[in-house]
Structure formats: C-alpha cells, structure tokens
Amino acid sequence: NAGVTQTPKFQVLKTGQSMTLQCAQDMNHNSMYWYRQDPGMGLRLIYYSASEGTTDKGEVPNGYNVSRLNKREFSLRLESAAPSQTSVYFCASSEALTGSGGYTFGSGTRLTVV
Amino acid sequence: KNQVEQSPQSLIILEGKNCTLQCNYTVSPFSNLRWYKQDTGRGPVSLTIMTFSENTKSNGRYTATLDADTKQSSLHITASQLSDSASYICVVDILTGGGNKLTFGTGTQLKVEL
C-alpha cells in the first residue's frame with residue numbers, strides 16, 4: 001500500500017541511549033515532517049524538510065537531529081535520550097510545504113525512555 | 001493557551017445517532033482548516049479540507065462547516081457507526097514566510113456504542 005512507513009513501531013530506551021527513527025514515503029512527495037504527540041497536547045512539529053537536501057527546525061527541535069537521506073527517506077535521531085522524549089512520533093509527507101494535496105501520516109513510533 | 005481548542009474533550013454516543021464536534025481557533029490569517037480522524041495506534045487520516053473562503057465540505061457521513069467570522073468550525077457525523085470510534089482532530093494551516101505551519105487541536109475522543 002502506498003503511504004508513509006515508519007520503523008520501529010515500538011521502542012524502549014534507557015536514559016542516555018541513542019537511536020534513529022526511520023521514515024520512508026513512496027508517493028514522490030517533496031516535503032517531509034517529524035511530529036511528536038503527547039497526552040493532552042496537539043501534535044507538535046520537531047523538524048521538517050521542504051525538499052531533498054534541506055532541513056529546518058520546527059517548534060520543538062531540542063534534543064533531536066534529522067537527515068533527509070534522499071527524496072523518499074527522512075530519519076530522526078535522538079543522540080542522548082531523556083525521559084521527556086517519551087512520546088509517540090509521527091512522520092508525515094506532502095507534495096509541498098503548502099500542503100497542497102494534503103498530508104499523509106505514518107502509523108507512528110511509540111517511544112518510552114526509562 | 002492553545003490556538004486551536006476543541007470540545008467536547010470526549011463523547012459517547014449510541015450507534016446510529018448523530019453528533020457534532022466543535023473547534024474554536026484564534027490563529028489568523030489561515031489558509032486551510034482540516035479535520036482528521038485518528039484511530040487508536042494509528043496516524044491521523046484526512047477527512048475534510050476547507051479553505052478560509054469555504055463554508056462547508058462533506059466526505060460521506062462527515063460534514064465540516066466553517067464560520068470565519070466567529071472563528072469556529074464543526075464536524076457533524078451522521079448515522080454513527082462503531083468504526084467511527086476514534087479521535088477527531090481539528091488542524092489550522094497558518095501562513096508563514098516558509099510555507100504553511102499546521103496548528104493541531106488536542107482532539108475529541110469519540111466512542112460509539114451499541
């Protein structure tokens with residue numbers, strides 16, 4: 001099925017460990033995004049990539065890094081995980097930053113940092 | 001204070017009944033107002049997209065309305081089904097110099113019971 005694929009679906013980390021969340025889309029979209037969703041809060045933008053080769057900070061970028069590996073793939077890295085990063089992470093894509101054609105979200109990665 | 005407020009926070013209705021979910025926003029100017037459905041453990045899926053100049057948009061049993069004067073939107077669900085049980089999220093596109101920025105509400109959790 002066409003769409004946005006995220007791996008892994010679940011992950012438990014110890015404080016200070018590092019990990020990379022993977023995201024790939026097969027819709028030939030130019031723009032990709034990483035969001036986090038916390039209880040009682042709306043989704044918040046961590047980083048985004050307007051097009052291949054560019055990345056920019058969103059609303060809550062501290063503690064994260066990203067890589068736009070190619071047009072299909074956009075990864076999110078936690079260098080030194082903290083309990084405050086316990087959250088559900090969603091990757092999304094769109095044809096352009098204007099959101100024309102809509103946004104497609106992955107199924108999410110549930111991350112727990114202990 | 002969140003720029004996109006949704007009410008009620010949660011709602012339980014009987015199968016076959018109708019319901020209306022509310023969204024009040026303070027962001028301005030905006031380009032689009034979107035409604036998403038998020039099933040448990042899944043990513044948000046688009047239901048409707050309205051530009052700032054549209055008043056209503058339907059998608060099957062889902063009808064969204066927009067009153068730009070009062071900055072209110074509603075999502076009406078007709079003849080509810082058990083599969084409508086999900087979180088419904090209101091999202092406003094804010095115009096920025098770098099493209100659209102999505103501002104998410106915290107969602108209304110709907111449960112449809114027999």
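The values are calculated or read from the model by the stated rules, or taken from the named source; none is laboratory data. Bear in mind the structure is a predicted one, so any value in this text is a computation, not a measurement. Using ideal geometry, Cβ is built from the backbone for each residue, glycine included, and neighbour counts are taken over all protein chains shown.
Here is a check on your reading of the model: is A:Asn62 over 29 Å from B:Lys37 (Cβ atoms) and out of contact with any helix residue (DSSP H, G or I) (no Cβ under 6 Å at 6 or more places or on another chain)? Yes; evaluated as a whole, the condition is true for this residue. Of all residues in segment B:61-86, those satisfying the criterion of being under 10 Å from the mean Cα position of the chain (by Cα) and buried (at least 20 other Cβ atoms within 10 Å of the Cβ) are B:Ala64, B:Ser73, B:Leu75. If you take just the strands (runs of 3 or more DSSP E) that sit entirely in segment A:1-51, which of them hold at least 1 residues that are surrounded by fewer than 17 Cβ atoms within 10 Å (Cβ to Cβ), under 15 Å from the mean Cα position of the chain (by Cα) and among the aromatic types (Phe, Trp, Tyr)? Correct list: A:10-13. Applying the set (1) touching a Leu at 6+ places or on another chain (Cβ under 9 Å); (2) at pLDDT 95 or above to B:Ser83 leaves exactly one unmet item: (1). Contact map, segment A:6-30: first residue closer than 17 Å to A:Asn65 by Cβ, second residue of a type in the set (Asp, Glu) and assigned to a loop (DSSP other than H, G, I, E, B), Cβ cut-off under 6 Å, separation 6 or more or different chains; pairs are A:Ser18/A:Glu79. For residues in segment B:13-30 being under 14 Å from B:Asp93 (Cβ atoms) and surrounded by 17 or more Cβ atoms within 10 Å (Cβ to Cβ), which is nearest to the chain's Cα centre (by Cα)? Applying the filter and picking the extreme gives B:Cys23.
Name the one entry in A:Ala92, A:Ala82 that is within 13 Å of chain B (Cβ to nearest Cβ), aliphatic (A, V, I, L, M) and under 24 Å from A:Val113 (Cα atoms). Quick ask: steps written out before the conclusion?
Values: A:Ala82 fails: within 13 Å of chain B (Cβ to nearest Cβ).
From the options A:Ala92, A:Ala82, the qualifying one is A:Ala92.
Taken over segment B:87-105, the residue count meeting the criterion of being hydroxyl-bearing (Ser, Thr, Tyr) and more than 10 Å from the chain's Cα centre (by Cα) is 2. Screening segment A:55-88 for residues that are of a type in the set (A, V, I, L, M, F, W, C) and at pLDDT 95 or above and picking the one that is farthest from A:Ser31 (Cα to Cα) gives A:Ala82.
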